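Any read-out appearing in this document is the output of simple, stated calculations on the displayed coordinates, not a laboratory observation. All of these numbers come straight from a predicted model, not from anything done at the bench. As a convention, Cβ positions derive from the backbone with ideal geometry for all residues, glycine included, and neighbour counts pool all protein chains shown.
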Amino acid sequence: MAKLKIKGNDLKTAGVPSGPLAGLAVAVAKKHFRTEDYDRFLKELAIVSESPEKFTDNIVWDIYANKLVSHLKEEEAQKEIPLNETPAPYQIWGQKNIDASAIQQMDIAVHLPVTHSGALMPDAHHGYGLPIGGVLGVENAVIPYGVGMDIGCRMCLSVFPLPASYINEKSYELKHILKDNSRFGKDIFDDPNSDDPILDRKEFGELQILKRLKDKAYKQLGSSGSGNHFVEFGISEIIDPSNEMGLPLGTYFSLLTHSGSRGFGANIAQHYTKVAMARTKLPKHAKHLAWLSLDSEEGMEYWLAMNLAGDYASACHHDIHRRIATAIGEQPLSMVENHHNFAWKEKAADGTDLIVHRKGATPAGKGVLGIIPGSMTEPGFIVRGKGDPKSLHSASHGAGRQMSRKKAKDSFTKKELRQLLGKKGVSLIGGGLDESPGAYKDIHEVMNYQKDLVDVLGTFMPKIVRMDKG
């Protein structure tokens with residue numbers, strides 16, 4: 001069989017990309033076509049190059065067609081996806097007290113091609129990708145940085161059948177109970193009784209990343225993160241007789257915890273954020289909002305891992321509450337738990353199926369209970385959601401920072417913090433100036449801005465607070 005002499009321009013005209021694919025096309029010509037078949041070769045080559053997926057099983061063109069399909073997929077993945085010119089609708093609560101950079105981040109998020117609608121809560125401040133306090137409803141996609149690093153971070157409140165006076169009567173013992181039954185940051189709680197069915201979940205054996213993280217999850221079960229995470233005793237006051245907690249009006253000794261999925265969730269977030277940014281190329285200013293389609297293998301992997309991390313965060317809280325309830329010798333009358341830094345499958349008011357991301361915002365669907373904390377010297381609020389569709393059934397997750405950690409450290413002194421704690425009757429174990437109450441917005445203002453989102457059933461006032469380095 002005489003060998004064909006192939007011209008580079010002819011390959012280009014036939015739609016062959018330069019590089020290795022040109023070499024594969026030449027190999028097909030030399031193996032299957034004679035000199036006199038040159039025109040037929042070029043004609044077939046052009047047809048295959050236009051629709052390679054139709055020739056992946058063809059005995060002549062299979063190798064070239066399969067390589068071309070892979071090449072086109074990679075090329076498509078590298079294309080930058082433009083943002084929409086027209087933004088999706090969103091509403092802001094408490095705009096006066098929200099910094100401009102957080103609003104700017106939200107403005108970028110509502111221009112994503114997958115965005116349906118959004119909302120910005122009154123505790124909002126600057127974050128990575130989606131601002132803290134940002135709510136974003138998207139279609140058939142999940143944004144790892146729209147969920148955040150501390151997946152499933154949550155509040156958990158246990159109300160005990162003990163009077164508020166129990167705190168003053170047993171303050172010394174209660175401080176030691178907190179020290180003995182909580183760990184923060186890199187400290188590990190070495191408790192042989194700390195075990196949970198969460199560690200037997202099948203996902204740990206199905207996803208490679210979860211296999212690698214199971215040991216970390218086991219070691220950190222029942223511990224809390226650093227930063228603004230806490231375990232604290234305080235006084236709950238129930239003020240709404242129609243509360244779903246089943247509690248009569250009055251004051252109660254209570255335990256409140258705030259923490260998330262620890263290093264387990266953070267590693268999941270970091271891994272799938274990198275995957276999303278490689279798969280979904282966005283303009284530089286929007287790159288942290290890269291998404292994964294829920295039709296993709298990576299998207300479903302993240303969805304499974306995210307849900308596992310959320311359940312793991314809940315298991316950590318329940319482990320802490322179990323230990324402390326045992327130490328006190330009482331079981332709670334009622335428990336309320338709610339989480340943020342998560343994504344939920346919900347329906348929009350117009351019936352559209354959405355993935356609703358709440359990064360530093362909590363569910364406030366009609367009748368949904370939650371806790372919105374203030375600071376170590378200000379009350380938190382036990383709330384019932386009103387189900388406002390304009391907020392995508394959401395509310396704030398706390399007071400929200402009004403200054404960075406660095407600025408807080410530069411703005412307050414240890415003496416000022418001690419004086420404030422004394423004035424408010426709060427004992428602090430650990431913590432730092434970066435968590436000074438003045439670093440946070442006024443929780444009363446925040447609650448006033450979201451009267452249309454939640455009803456207040458009661459309050460929680462911190463009295464003995466333990467944080468990292470305590």
*Alpha carbon centroid spacing (whole Å) that separates region 240-307 from region 90-145*: 15 Å
*Before anything else, pin down the relative contact order of the chain: Cα pairs under 8 Å, at least 6 apart, normalised by residue count, whole percent.*
19 percent
_Can you give the local net charge around Ser261? Use residues other than it whose beta-carbon is closer than 11 angstrom to its beta-carbon, Lys and Arg +1, Asp and Glu -1._
+1
_Given a Förster distance of 25 Å, report the FRET efficiency between Gln78 and His285 from their Cβ-Cβ distance, rounded to the nearest 0.05._
0.85
_Sequence-distant residues sharing a close amide H with Ser224 (under 5 Å, placed H)_ = Arg183, Phe184, Gly185
*Identify, among Pro89, Trp61, Gly458, the residue whose Cα sits farthest towards the positive end of the charge dipole of the chain, taking +1 on the Cβ of Lys and Arg and -1 on the Cβ of Asp and Glu, with the dipole about the Cα centre.*
Trp61
*With charges set only on the Cβ (+1 for Lys and Arg, -1 for Asp and Glu), what does the dipole of region 141-466 come to about its Cα centre, in debye to the nearest 20?*
1260 debye
*In which sequence would Cys156, Cys316 go, from the one with the fewest C-beta neighbours within 10 Å to the one with the most?*
Cys156, Cys316
*asked:* Below 13 angstrom from the Cβ of Ser391, what's the summed charge of the other residues (Lys, Arg +1; Asp, Glu -1)?
replied: +1
_Within region 327-470: Cβ-based charge dipole about Cα centre, in debye rounded to nearest 20 (Lys, Arg +1; Asp, Glu -1)_ = 540 debye
_Nearest-0.05 FRET efficiency for Thr13 and His71, computed from C-beta distance (R0 25 Å)_ = 0.90
_Of Lys284/Lys345; Lys366/Lys441; Lys175/Lys406; Lys5/Lys43; Lys414/Lys463, those spanning more than 22 Å from alpha-carbon to alpha-carbon_ = Lys284/Lys345; Lys366/Lys441; Lys175/Lys406
*Before rounding to the nearest 500, sum -39500 (n - 2.57) across all DSSP H runs of length at least 4 in the chain and divide by the residue total; then give [θ] at 222 nm in deg cm²/dmol.*
-11000 deg cm²/dmol
_For Ala395, residues with placed amide H under 5 Å, excluding near neighbours_ = Thr362, Ala364
*Difference of contour (0.36 nm per residue) and Cα-Cα distance, Asp57 to Thr413*: 120.9 nm
*Segments 429-438, 142-151 sorted - mean Cβ within 10 Å per residue, highest first*: 142-151, 429-438
_How much length would be gained if the chain were fully extended between Ala348 and Asp455, taking 0.36 nm per residue of separation minus their Cα-Cα distance, in nm to one decimal?_
36.3 nm
*For region 331-381, run through the trypsin sites (Lys or Arg not before Pro) and keep only the ones in DSSP coil with at most 11 other Cβ atoms within 10 Å of their Cβ.*
Lys366
*So what are the ³J(HN,Hα) numbers for region 205-210, from phi and the Karplus equation (6.51, -1.76, 1.60; θ = phi - 60°), rounded to whole Hz, Gly and Pro as x?*
x, 9, 10, 4, 5, 6
*Determine ³J(HN,Hα), in whole Hz, for all residues of region 308-314 in sequence, where each value follows from phi through the Karplus function 6.51 cos²θ - 1.76 cosθ + 1.60 and θ = phi - 60°; x replaces Gly and Pro.*
5, 4, x, 5, 5, 4, 5
_Residues Asn140 and Asp311, FRET efficiency given R0 of 41 Å [Cβ-Cβ distance, rounded to 0.05]_ = 0.95
*Fewest to most neighbouring Cβ within 10 Å: what's the order for Thr257, Thr459, Thr56, Thr35?*
Thr35, Thr56, Thr459, Thr257
*asked:* Can you give me the long-range amide H partners of Val110? Hydrogens built in the peptide plane at 1.01 Å from N, cutoff under 5 Å, separation of 5 or more residues or another chain.
replied: none
*Relative exposure of Tyr128, Tyr302, Tyr90, Tyr440, judged by other C-beta atoms within 10 Å (fewest first)*: Tyr128, Tyr90, Tyr440, Tyr302
